[in-house]
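> Would you mind keeping the following structure in view while I ask a few things?
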Amino acid sequence: MAPDNEAVHDEACPLLLHSHAESQTPPQASPTPLPVGQLAALCTVRLVDPIAFTQLFPYVNDFMSDLHLTDDPSRIGFYSGMVESTFAVSQLCSIYLWAKLSDKIGRKPVILTGTVGTAMTTLGFGLSKSLTGLLFARGFAGLFSGNIAVIHSVVGEITDSTNQARAIPIYALMWQIGSVIGPLIGGTFSHAASKYPDLLGYAIFEKYPYFFPCLVSAIIAFVGVLLGFAFLEETLPSKCRRNTEKKFSSLGSSGPSFDDGSPMLEHRSMSLKEVLAYPAISALVTSGFSLSFLATSFDVVFVLFCYSAVQSGGLAFPASKIGWSLAISGGISSALQMFFMPYLLRTFDCAKMYVFSMGVWPFAYFCLPFLNLMARWGSTEGEELDANVATILWVGIAIVLGLSRIGILAFSTSMILVKEHSPNPSALSQSNGIVQFAMCFARAFAPFLVSSLFAISIDNNLLSGYLWVVVMICLSTFISIDCRRILLHGKKTIS
């Protein structure tokens, strides 16, 4: 009997152990399919904002010069910075108003209303003939663009932890694509009547030389409105829940529930103080503020740097070349988002990627003066660059812009980190709103501050006109060290 019992024991043990092992292994959750239609509509609407925002960059300095606000060319940056800052200040004031309104009437009407408003104010900008008109148009554009936090919330509401790493890079790519299209529109179509007299030699484009790029941008915005109206679905949880209840009521069912019969879990909303009490969220708020300040400052100072004379420390580029430079920047960023970002998110820790991207900013600012040295080396008396030097200069521009676009990747990883560290699903929209508020707050004064610093450095020849470079290198180095605080907080994916 003993051998028989032993044989039975030998056969039974592996079966029992295997069964126990299976019971202890948690089931692997398969990735949730991406809501392609929703994401496509959302990305189309998202494309409108960067086009409307960046299309004025190539010609804004010429616009200020045409208004005859000052006889000193170095002071042009002061007024262009004021125009750019007005947009961010207005956006800052409207973020929470749009978010609160979207909680009452829904996400879709808020997004579409903001997009229509962006289109109309862009047209108003192109038709302005005074600084007051420009500030008025950009101010209202910022108010309508305050729905950005609502758009971010919708991205979080249509994705989960299994597919957000694929959805967010696609969504973030829209800003980069818009950053390519916008400067090309502005640089190519400003002074359209004189550039293309046979096609666009109309009186309105002669009277308003910067209206046509605004018109093209507005048309794209209206297309976005139509696509959003047709394909964008409502994601406000309360409205979705009511629609689901109506659907099940019509079918004679009591509605969705868990397998054990318990009702769907709902998390209570949290106050601003409670959300900020989470160390990871507070760290993302402060580093998001710093990231937005560095990125906005770079974009603004790069345009001023390109526009300024070579002897003043710049490159003396016309609007068309500035437009191509910004288009190269957007192209590099698009390539990074499309071809590298998905692999990086699958391979490396998101927090470490965020810290690495932030650490690139000091090098981006450090390399800028070397572009001016190249221009000085290859310039003739008429400030025409030698062909070989021009080639080297454009390669250098591509390298500098490439470094800055690596730093821009921190925006994408920030969205994922906010999703991972949000206290609960009900606090996700508020967490996004707080971070976006901090970023917009930095955008509100960064253009004015950095353009003033640039003008002061050149006017007073401080550190040979490069004081602004030293200040930005020191500031970005401190920020890159401080943002490492995010590594102290472990990953927490909301459920």
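> Scan segment 323-333 for residues that are open to solvent by less than 30 Å² (accessible area, probe 1.4 Å) and either within 18 Å of the chain's Cα centre (by Cα) or modelled with pLDDT of 80 or more (or both) and jot them down.
Ser325, Leu326, Ala327, Ser329, Gly330, Ser333
> If the requirement is being open to solvent by less than 10 Å² (accessible area, probe 1.4 Å) and either over 21 Å from the mean Cα position of the chain (by Cα) or at negative phi (or both), which of these qualifies: Leu368, Leu336?
Only one candidate qualifies: Leu368.
> Taking into account only those residues within segment 305-320 that are in a helix (DSSP H, G or I) and open to solvent by 10 Å² or more (accessible area, probe 1.4 Å), which is farthest from Ile434 (Cα to Cα)?
This residue is Gln311.
> Then there is this: Inspect segment 401-414 for any residue being open to solvent by 40 Å² or more (accessible area, probe 1.4 Å) and among the polar types (S, T, N, Q) and give the result as yes or no.
No - not one qualifying residue is present in segment 401-414.
> Let me ask another. Please identify the pairs in which a residue from segment 193-204 that is within 15 Å of Gly126 (Cα to Cα) has its Cβ atom under 9 Å from the Cβ atom of a residue that is loosely packed, with under 12 Cβ neighbours inside 10 Å, counting only partners at least 6 apart or on another chain.
Ala193/Ala203; Ala193/Lys207
> Residues in segment 114-138 that are assigned to a helix (DSSP H, G or I) and open to solvent by 70 Å² or more (accessible area, probe 1.4 Å): how many?
Final tally of qualifying residues: 3.
> Which residue pairs have Cβ atoms closer than 7 Å, lie 6 or more positions apart in sequence or on different chains, and pair a first residue in segment 329-351 that is over 30 Å from Gln55 (Cα atoms) with a second residue that is loosely packed, with under 15 Cβ neighbours inside 10 Å?
That search, which allows pairs on different chains as well, returns Ala351/Leu487.
> Taking segment 300-337 only, how many residues are touching a Leu at 6+ places or on another chain (Cβ under 7 Å), farther than 17 Å from Leu393 by Cβ and among the hydrophobic types (A, V, I, L, M, F, W, C)?
1
> Look through segment 339-351, keep the residues that are aromatic (Phe, Trp, Tyr) and part of a helix (DSSP H, G or I), and return whichever of them is surrounded by the most Cβ atoms within 10 Å (Cβ to Cβ).
Phe340
> If you don't mind, another one. Look at segment 283-328 and say how many of its residues are under 19 Å from Pro50 (Cα atoms) and among the small types (Gly, Ala, Ser).
Qualifying residue count, segment 283-328: 9.
> Name the one entry in Phe454, Phe478, Phe437, Phe441 that is in contact (Cβ under 8 Å) with a residue 40 or more places away in the chain, more than 19 Å from the chain's Cα centre (by Cα) and assigned to a helix (DSSP H, G or I).
When all the criteria are applied, what remains is Phe454.
> Also, I was wondering about something else. Can you name the residue in segment 152-182 that is open to solvent by less than 50 Å² (accessible area, probe 1.4 Å), within 25 Å of Leu326 (Cα to Cα) and of a type in the set (A, V, I, L, M, F, W, C) and is also modelled with the highest pLDDT among such residues?
Ranking the qualifying residues of segment 152-182, first place goes to Met174.
> Just to verify a result, which residue in segment 169-206, among those that are in contact with a Gly (Cβ under 9 Å, 6 or more places away or on another chain) and of a type in the set (A, V, I, L, M, F, W, C), is farthest from Ala295 (Cα to Cα)?
Here the answer is Ala193.
> With the structure loaded, tell me whether Thr391 is of a type in the set (Ser, Thr, Tyr), open to solvent by 50 Å² or more (accessible area, probe 1.4 Å), over 20 Å from the mean Cα position of the chain (by Cα) and modelled with pLDDT of 85 or more or whether it fails that test. Can you show your working first?
Details: of a type in the set (Ser, Thr, Tyr): yes; open to solvent by 50 Å² or more (accessible area, probe 1.4 Å): yes; over 20 Å from the mean Cα position of the chain (by Cα): yes; modelled with pLDDT of 85 or more: yes.
For Thr391, the condition - of a type in the set (Ser, Thr, Tyr), open to solvent by 50 Å² or more (accessible area, probe 1.4 Å), over 20 Å from the mean Cα position of the chain (by Cα) and modelled with pLDDT of 85 or more - is met.
> Can you pull out every residue in segment 32-57 that is in contact with a Ser or Thr (Cβ under 7 Å, 6 or more places away or on another chain) and either within 30 Å of Phe211 (Cβ to Cβ) or open to solvent by less than 30 Å² (accessible area, probe 1.4 Å) (or both)? So that I can check it myself, show each step before the final result.
From segment 32-57, those in contact with a Ser or Thr (Cβ under 7 Å, 6 or more places away or on another chain) are 32, 45, 48-52, 54-55; that's our starting set.
If the condition is that a residue be in contact with a Ser or Thr (Cβ under 7 Å, 6 or more places away or on another chain) and either within 30 Å of Phe211 (Cβ to Cβ) or open to solvent by less than 30 Å² (accessible area, probe 1.4 Å) (or both), then Val45, Val48, Asp49, Pro50, Ile51, Ala52, Thr54, Gln55 are the ones that fit.
> Right, something else. Looking at segment 58-77, which of its residues are open to solvent by less than 10 Å² (accessible area, probe 1.4 Å), of a type outside the set (A, V, I, L, M, F, W, C) and part of a helix (DSSP H, G or I)?
Asn61, Gly77
> Another one. Please go through segment 458-475 and give me each residue that is open to solvent by less than 70 Å² (accessible area, probe 1.4 Å) and free of Cβ contacts under 8 Å to residues at least 40 places away in the same chain, ordered by number.
Residues satisfying the conditions are Leu462, Leu467, Val470, Val471.
> Then there's this: Quick one: Ile51 ticks every box in (1) more than 23 Å from the chain's Cα centre (by Cα); (2) modelled with pLDDT of 85 or more; (3) outside any loop (DSSP other than H, G, I, E, B) bar one, so which box is it?
(1)
> Where in segment 205-298 are there helices (runs of 4 or more DSSP H), lying wholly inside it, with at least 3 residues that are buried (at least 18 other Cβ atoms within 10 Å of the Cβ), modelled with pLDDT under 90 and on the phi < 0 side of the Ramachandran plot?
It comes to 211-231.
The values are calculated or read from the model by the stated rules, or taken from the named source; none is laboratory data. Since this is a predicted model, take the numbers as computed values, not measurements. Neighbour counts run over all protein chains shown; Cβ positions are idealised from the backbone, glycine included. Each accessible area value is taken on the protein alone, full model and side chains, heavy atoms only, with ligands, DNA and RNA left out. Shrake-Rupley method; radii C 1.70, N 1.55, O 1.52, S 1.80 Å.
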